[in-house]
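The values are calculated or read from the model by the stated rules, or taken from the named source; none is laboratory data. These numbers were taken from a predicted model, which means no experiment stands behind them. Don't worry about glycine lacking a Cβ; one is built from the backbone with ideal geometry, like all the others, and counts go over all protein chains shown.
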């Protein structure tokens, strides 16, 4: 069915996260010894990135602190992604 769709109408969604605590939790040093590192006392929260991309390079992105919840995901759809959609997005043309 995807082969029958126009690729330009597809929108790909992605969720990713990062934590900027600036330290490696696990690692090995030269000679196989365990590496030792220090991190800030107040570890920052995770940062989540919800984004979408089209074949033509158009994107929509939201960044916020903490993990994704159902409410945050729906808010992102309503306020960031849906307003960027074109009239015929999501419809496949069967020929």
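When segment 1-55 is filtered for residues that are closer than 18 Å to residue 84 by Cα, at pLDDT 80 or above and surrounded by fewer than 12 Cβ atoms within 10 Å (Cβ to Cβ), the ones remaining, listed by number, are 12, 14. Among the residues of segment 56-71, the ones that are surrounded by 15 or more Cβ atoms within 10 Å (Cβ to Cβ) and either under 21 Å from residue 10 (Cβ atoms) or touching a residue at least 24 places away in the same chain (Cβ under 8 Å) (or both) come to 3 in all.
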